[in-house]
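Have a look at the structure below before the remarks.
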Amino acid sequence: MTASDFRPGLEGVPATQSAISDIDGQRGILSYRGYSIAELAAHSSFLETAYLLIWGELPDPETLRTFQHDVQMHRRVSFRIRDMLKCFPAGGHPMDALQASAASLGLFYANRALDNPDYIRGAVIRLLAKIPTMLAAFQLIRMGHDPIQPRDDLPYASNFLYMLTEREPDPLAARIFDSCLVLHAEHTLNASTFSARVTASTLTDPYAVVASAVGTLAGPLHGGANEDVLLMLEEIGTVDGVEAYLDRAIAEKRKVMGFGHREYRVKDPRATILQGLAEELFDRFGHDEMYDVARRLEAVAAERLGPKGIYPNVDFYSGLVYRKLGIPTDLFTPVFALARAAGWLAHWKEQLGANRIYRPTQIYCGAAGRAWQPPEARVAKNGDLTG
Ligand code: SDX
């Protein structure tokens, strides 16, 4: 094994076999279990899509009803979890609150039976049901309010928006939010899903699997970019400011948030659909001038970054949709996580089905054969290395 075998970021290295989703990065096509994302976003619901991802087939009506019912029955969380969330600093990032609360479920549901399909189903239901409740509770608590209980009569997406905003959402808003969840539910072996699979491969519990994936999704090169896109658009401020901003970013070799993807050489199909959803929301609830800035940025970037295959990714338009839905900017990435939990759980189940612990190798490039010396015998070479 030599340094030439090393692929930074594991680019092009297959790290698993998977039947869950597929990307055609040249043509901009994404499918879940063989169904195109466009079709699922238009016709499916998040819970139906989650079922498809995890168990491989679209559920029949009775199976879907039972699944929806079971998720609904597990939405409530223990008062201990609410009390734990109250102890978190209000100024902390909700991704950290989500990661900690997802991990804490392992304390409440400690028995682990990874070879029992009922255990797998129960853990899937629990996580899909409780993540929205914990996230919404943290949002209300940090604003100084008491968290509100889930509403049993509301479907998944509506109930989350209700718990978050304390108002029953407009049906169009709820439908569009549900489509956003479908679009974010899965995306092959991205960094957080890889993290989930690595964690799963140790045969730890599913709460640790999801918690490790949440931590990975949080970074600005991954899911965290949706938050940064909106901050960037606000920094640009007006359509007229776009060209100068882009020139400066390119000259300073800064990444333009919401652009670029390891797998796509064209515009991410999810970005195209999200842009359409944003327009539907603007038509109904009023325009957002940041959308004009975003469209101008996309157009100018197509000239300057397009030749390198750099186009908008999923994070570019999602924030504009979430903002119109009344979701605070620092909840954009947690909302991504809420949806991606479906994909992580599908990969958890698939990993368990043919498990071997992940244990890649490395190419050592450090010193060798050194002899320890007492401190007084060491010649100061680099000063204090701990600073
Ligand atoms: C997500 O993988 C997934 O599936 C992730 C995701 C999912 O559904 O899970 O799709 C969600 O994470 C979307 C990505 C969100 N991140 C951002 O929007 C941050 C900005 N984008 C980048 O940092 C970057 O494009 C990545 C992280 C998305 C991809 O990184 P790669 O594949 O390691 O590419 P790279 O950083 O090595 O860039 C290759 C070249 C470089 O130029 P050269 O040095 O070769 O001349 O492309 C340039 C980069 O400078 N480039 C960009 C750019 N992205 C890449 N230049 C300007 N702006 C950008 N955004």
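In segment 216-226, the count of residues that are part of a loop (DSSP other than H, G, I, E, B) and either more than 10 Å from the ligand (Cβ to nearest atom) or more than 25 Å from the chain's Cα centre (by Cα) (or both) is one or more.
For segment 44-89, the tally of residues that are closer than 26 Å to Ala19 by Cα, of a type in the set (A, V, I, L, M) and assigned to a helix (DSSP H, G or I) stands at 7. Here Leu183 does not fit the description of being assigned by TED's automatic domain parsing to the domain that holds Ala103 and either surrounded by fewer than 21 Cβ atoms within 10 Å (Cβ to Cβ) or closer than 30 Å to Arg112 by Cβ (or both).
Among what's in segment 138-161 and is touching an Asp or Glu at 6+ places or on another chain (Cβ under 9 Å) and assigned to a helix (DSSP H, G or I), pick the residue that is nearest to Asp83 (Cα to Cα). Applying the filter and picking the extreme gives Leu140.
Is it the case that Ala301 is within 14 Å of the chain's Cα centre (by Cα) and either assigned by TED's automatic domain parsing to the domain that holds Asn116 or within 10 Å of the ligand (Cβ to nearest atom) (or both)? For Ala301, the condition - within 14 Å of the chain's Cα centre (by Cα) and either assigned by TED's automatic domain parsing to the domain that holds Asn116 or within 10 Å of the ligand (Cβ to nearest atom) (or both) - is not met. The set of residues from segment 169-201 being in contact with a Phe, Trp or Tyr (Cβ under 8 Å, 6 or more places away or on another chain) and more than 24 Å from Ala41 (Cα to Cα) comprises Ala196, Arg197, Val198, Ala200, Ser201.
Summed over segment 251-261, residues that are assigned to a loop (DSSP other than H, G, I, E, B) and under 23 Å from Leu320 (Cα atoms) total 7.
Taken together, the criteria exclude Arg197 from residues that are of a type in the set (D, E, K, R), at negative phi and either within 8 Å of the ligand (Cβ to nearest atom) or not in a helix (DSSP H, G or I) (or both).
Here's a check for you: in segment 227-240, which residue that is acidic (Asp, Glu) and away from the ligand (no atom under 13 Å from the Cβ) is nearest to Tyr109 (Cα to Cα)?
Filtering segment 227-240 down to residues acidic (Asp, Glu) leaves 227-228, 234-235, 240.
From what is left, the residues that are away from the ligand (no atom under 13 Å from the Cβ) are 234-235, 240.
On the way: Glu234: 43, Glu235: 44, Asp240: 54 Å.
Here the residue is Glu234.
For Tyr322, state whether it is buried (at least 16 other Cβ atoms within 10 Å of the Cβ), more than 10 Å from the chain's Cα centre (by Cα), more than 10 Å from the ligand (Cβ to nearest atom) and modelled with pLDDT of 95 or more. For Tyr322, the condition - buried (at least 16 other Cβ atoms within 10 Å of the Cβ), more than 10 Å from the chain's Cα centre (by Cα), more than 10 Å from the ligand (Cβ to nearest atom) and modelled with pLDDT of 95 or more - is met. Checked against (1) under 30 Å from Tyr35 (Cβ atoms); (2) outside the structural domain of Arg175 (by TED's automatic domain parsing); (3) touching a residue at least 24 places away in the same chain (Cβ under 8 Å); (4) part of a helix (DSSP H, G or I), Leu338 meets all criteria but (2).
If only residues of segment 241-262 that are among the charged types (D, E, K, R) and more than 10 Å from the ligand (Cβ to nearest atom) are counted, the one that is nearest to Ala299 (Cα to Cα) is Glu243.
The values are calculated or read from the model by the stated rules, or taken from the named source; none is laboratory data. Keep in mind that this is a model prediction, so the values were computed, not measured. Cβ sites come from the backbone with ideal geometry, for glycine too, and all protein chains shown count toward neighbours.
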